[in-house]
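Q: One structure follows; several queries about it will come next.
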Amino acid sequence: MARIIPDLPAQMVQNDGELMFYSACRELPDEYTVFYGYKYRTNAPYEHDDLHSIGEADFVIVHPELGYVVFEVKQGNIIYMGGQWHEFKLSRGGTHHTRPMAKDPWEQAQRAMWTILERYKEKSGESRFPLRIRAALCFPETKKLSGVLPDHIDPKSIFLYDDLHNLNTRIRGLFPSDTRPNRAATLFLIDKVLSPSFKVFALLEHQIQMFHSTAEKVLTEEQSRILEETELDKKKVFFGAAGTGKTFLAMEKARRLAKSGKQVLLTCFNKNLAADLRRQLPQEVTCANFHDFLVDVLRKEEFHVSVPEHPDKQDLFFDKTLPEMGFDYYATARDSAKFDSIIVDEGQDFHENWLLCLESMLRDREESEFYIFADPNQDLFGVTPEHLMKLPVSKHRLTRNLRNAEPISEWLRPFVPAGHLKPVLRGGIPVIYHGWESANQEKRMIEVEIGRLVSQGIRPERILILSPNRLENSCLAGRKNIGPWPLADFQADTRQPSRQPANAIRFATIRSFKGLEADVVFLIGLKAGKRNCTHADIYVGASRARFLLQVFYDKNMIHPALKACLGQAGA
């Protein structure tokens with residue numbers, strides 16, 4: 001059976017005559033390739049236009065020993081007279097009449113035949129096609145030919161109804177019998193001229209770049225809308241799930257207030273986040289980790305501040321002693337030492353007495369701005385957020401996810417209250433799961449997936465590996481590279497960016513990366529029963545991923561927070 005391109009169901013061939021010929025072509029031997037409705041660009045321009053018109057050959061039949069023949073197929077009865085083609089038509093009254101045909105079918109077949117030859121020579125670089133070429137006409141609804149054919153038409157090139165039942169023999173009769181096969185030439189003709197293929201695509205790296213462009217536009221519009229709506233509120237708590245733009249709003253609030261001449265403090269608990277904020281904001285804005293800021297200020301004011309070495313005593317010092325020392329200082333401090341505006345990011349990490357300390361830093365508690373951005377679902381440190389709800393200020397809920405691609409945003413839904421996370425950035429790649437049974441197996445999976453992503457164009461520095469554990473306690477312990485790419489341990493640095501190789505894959509703990517984001521996140525080492533792998537840890541880690549999230553979990557100790565997600569994905 002011949003190969004037909006395109007291979008269509010019978011009902012899609014609307015012309016009855018073409019359908020008869022199409023069906024007959026199916027019965028040709030395997031070595032034939034038949035093209036139906038081959039379209040080509042002609043050299044005849046449209047009137048008043050520099051575009052070229054499009055020609056069409058009804059059928060092009062290719063054989064590796066013969067060459068190719070172009071068929072023009074006409075249904076009904078046909079007559080040629082006076083140098084012009086006519087078709088018989090049945091009138092409504094039942095009588096026949098002839099009507100001139102708009103195009104000469106022989107010229108159509110010849111034009112297509114020569115055009116295909118020229119395209120072959122152009123694309124192959126050859127001066128000739130090594131096999132033969134022919135043109136033919138088929139009138140599949142007729143059985144008899146009478147009269148004299150014009151001299152320019154070979155009688156062997158006319159096919160009628162009965163010829164359809166012996167199509168192979170009749171086609172071979174168009175060609176001399178001494179031809180030699182040339183499969184290379186016919187394959188080139190088929191693949192490069194008659195049936196070329198192309199695709200338009202974007203590598204994963206390109207997809208990420210397009211995602212960034214869309215996300216930036218959406219974020220800017222949403223940011224402007226919220227800032228305008230809340231411009232008159234001097235004190236407000238913004239509640240929002242991960243990805244709703246809290247940090248970006250906090251930064252833009254800080255920029256605008258500083259530009260208006262205000263002394264602004266933007267603070268948070270995560271040192272890495274504080275360092276990132278400092279890199280992005282103008283020097284007029286003071287950006288600092290809450291505790292580091294207090295220690296620096298109090299020491300400059302010659303307070304005796306000694307951070308305990310024992311972990312248990314450190315908790316008491318940072319949770320209570322240091323904030324109380326800061327409150328005592330600012331309660332009587334001169335106005336020049338205070339701020340006009342204070343902004344708190346990741347406010348769910350702040351105890352109530354920390355907020356009281358911050359309030360004491362304001363020059364005018366009534367007129368100064370005090371904004372808090374918080375996500376109660378990201379409570380990693382046991383700070384109950386009820387005191388934020390009780391603050392005597394207005395509240396604003398952010399619900400549009402402006403960070404995560406839609407599949408990641410949907411994946412996060414079980415971790416947040418219903419309706420609190422609405423995806424905005426459409427498209428994206430479904431979350432990918434990898435179940436492992438040993439640390440070595442997990443390590444191999446990570447290596448394979450990173451190699452696969454980089455081979456698809458993703459830059460290594462876009463990839464972040466997040467773990468509940470430090471690097472030395474993870475499956476990647478002792479590794480300095482993953483394949484040929486350096487593995488950089490993400491370090492807290494409050495004064496300058498970490499010096500890492502440009503093409504390094506980053507590794508960080510989930511808690512050290514809270515408040516930050518990455519294009520591609522590998523969330524590894526997830527298993528039940530670990531103190532630093534809570535429901536909130538998984539939520540925080542997964543929500544760092546902007547474009548692609550891959551989850552690596554222990555198949556023997558599946559974390560309860562993952563079970564519903566795994567069930568939905570069929571993993």
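The values are calculated or read from the model by the stated rules, or taken from the named source; none is laboratory data. Here the structure is a predicted model, which is why all the values come from computation and not from measurement. FYI the Cβ positions are ideal-geometry reconstructions off the backbone, even for glycines, and counts take in every protein chain you see. Ligands, DNA and RNA are excluded from the accessible area calculation, which covers all protein heavy atoms including side chains. Shrake-Rupley method; radii C 1.70, N 1.55, O 1.52, S 1.80 Å.
Q: Please count how many residues of region 279-309 are surrounded by fewer than 20 Cβ atoms within 10 Å (Cβ to Cβ), within 37 Å of the chain's Cα centre (by Cα) and of a type outside the set (A, V, I, L, M, F, W, C).
A: Qualifying residue count for the region: 5.
Q: Among the residues that make up region 311-322, is at least one of them part of a loop (DSSP other than H, G, I, E, B) and open to solvent by 60 Å² or more (accessible area, probe 1.4 Å)? First the steps, then the outcome.
A: Initial filter on region 311-322 (part of a loop (DSSP other than H, G, I, E, B)): none.
Taking every residue of region 311-322 in turn, none turns out to be part of a loop (DSSP other than H, G, I, E, B) and open to solvent by 60 Å² or more (accessible area, probe 1.4 Å).
Q: What is the number of the single condition among (1) in contact (Cβ under 8 Å) with a residue 12 or more places away in the chain; (2) farther than 19 Å from Arg183 by Cβ; (3) in contact with a helix residue (DSSP H, G or I) (Cβ under 8 Å, 6 or more places away or on another chain) that Ile116 does not meet?
A: In the conditions (1) in contact (Cβ under 8 Å) with a residue 12 or more places away in the chain; (2) farther than 19 Å from Arg183 by Cβ; (3) in contact with a helix residue (DSSP H, G or I) (Cβ under 8 Å, 6 or more places away or on another chain), Ile116 misses (2) alone.
Q: So which residues in region 186-215 are at pLDDT 90 or above and among the charged types (D, E, K, R), if there are any at all?
A: If the condition is that a residue be at pLDDT 90 or above and among the charged types (D, E, K, R), then Asp191, Lys192 are the ones that fit.
Q: Just wondering, is there one or more residues in region 124-145 that are within 22 Å of Gly17 (Cβ to Cβ), open to solvent by 100 Å² or more (accessible area, probe 1.4 Å), not acidic (Asp, Glu) and not in a helix (DSSP H, G or I)? Show your work before the answer.
A: Taking region 124-145 as the starting set, the residues that turn out to be within 22 Å of Gly17 (Cβ to Cβ) are 134-145.
Those still in the list that are open to solvent by 100 Å² or more (accessible area, probe 1.4 Å) too: 143-144.
From what is left, the residues that are not acidic (Asp, Glu) are 143-144.
Keeping just the survivors that are not in a helix (DSSP H, G or I) gives 143-144.
Within region 124-145 (the criterion being within 22 Å of Gly17 (Cβ to Cβ), open to solvent by 100 Å² or more (accessible area, probe 1.4 Å), not acidic (Asp, Glu) and not in a helix (DSSP H, G or I)), the answer is yes, since at least one residue qualifies.
Q: Go through (1) touching an Asp or Glu at 6+ places or on another chain (Cβ under 7 Å); (2) at pLDDT below 95; (3) closer than 17 Å to Val193 by Cα one by one and return the number of the condition Glu56 breaks.
A: Failing condition for Glu56: (1).
Q: Check region 182-189 and report whether any residue there is part of a helix (DSSP H, G or I) and of a type in the set (Ser, Thr, Tyr). Please lay out each step first, then the result.
A: Restricting attention to region 182-189, the residues satisfying the condition of being part of a helix (DSSP H, G or I) are 183-189.
Adding the requirement that they be of a type in the set (Ser, Thr, Tyr) leaves 186.
Yes.
Q: So, one more: Here are the criteria: (1) under 17 Å from Phe21 (Cβ atoms); (2) open to solvent by less than 80 Å² (accessible area, probe 1.4 Å). Tell me which single one His165 does not satisfy.
A: Checking His165 against (1) under 17 Å from Phe21 (Cβ atoms); (2) open to solvent by less than 80 Å² (accessible area, probe 1.4 Å), the one that fails is (2).
Q: Would you confirm whether or not region 337-344 contains a residue that is more than 30 Å from Phe513 (Cα to Cα), open to solvent by less than 80 Å² (accessible area, probe 1.4 Å) and over 48 Å from the mean Cα position of the chain (by Cα)? Spell out how you get there, then give the answer.
A: Our first condition is that a residue be more than 30 Å from Phe513 (Cα to Cα); within region 337-344, this holds for 337.
If we keep only those that are open to solvent by less than 80 Å² (accessible area, probe 1.4 Å) as well, we get 337.
Add one more test, that the residue is over 48 Å from the mean Cα position of the chain (by Cα), and what stays is 337.
There is at least one residue in region 337-344 that is more than 30 Å from Phe513 (Cα to Cα), open to solvent by less than 80 Å² (accessible area, probe 1.4 Å) and over 48 Å from the mean Cα position of the chain (by Cα).
Q: Also, quick follow-up: In the list Arg183, Arg172, which residue meets the criterion of being more than 27 Å from the chain's Cα centre (by Cα), modelled with pLDDT of 95 or more, open to solvent by 40 Å² or more (accessible area, probe 1.4 Å) and farther than 18 Å from Ala405 by Cβ?
A: Arg172
Q: So Lys262 fits all but one of (1) open to solvent by less than 10 Å² (accessible area, probe 1.4 Å); (2) at pLDDT 95 or above; what number is the exception?
A: Of the numbered conditions (1) open to solvent by less than 10 Å² (accessible area, probe 1.4 Å); (2) at pLDDT 95 or above, the odd one out for Lys262 is (1).
Q: If you scan region 273-297, which residues turn out to be in contact (Cβ under 8 Å) with a residue 40 or more places away in the chain, within 18 Å of Asp349 (Cα to Cα) and out of contact with any Lys or Arg (no Cβ under 8 Å at 6 or more places or on another chain)?
A: Hits for region 273-297 are Ala274, Asp276, Leu277, Phe290, Leu294.
Q: Lys217 - would you say it is of a type in the set (Lys, Arg), surrounded by fewer than 19 Cβ atoms within 10 Å (Cβ to Cβ) and within 30 Å of the chain's Cα centre (by Cα)? Full working, then the answer.
A: On the way: of a type in the set (Lys, Arg): yes; surrounded by fewer than 19 Cβ atoms within 10 Å (Cβ to Cβ): yes; within 30 Å of the chain's Cα centre (by Cα): yes.
Judged against the criteria, Lys217 is a match.
Q: Related question: Looking only at strands (runs of 3 or more DSSP E) that fall completely inside region 380-470, which ones have 2 or more residues that are surrounded by fewer than 20 Cβ atoms within 10 Å (Cβ to Cβ)?
A: On the way: elements: 394-398, 432-436, 463-467.
So the answer is 394-398, 432-436.
Q: Just one of the numbered conditions (1) under 26 Å from Thr42 (Cα atoms); (2) at pLDDT 95 or above is not true of Tyr80; which one?
A: Result: Tyr80 fails condition (2) only.
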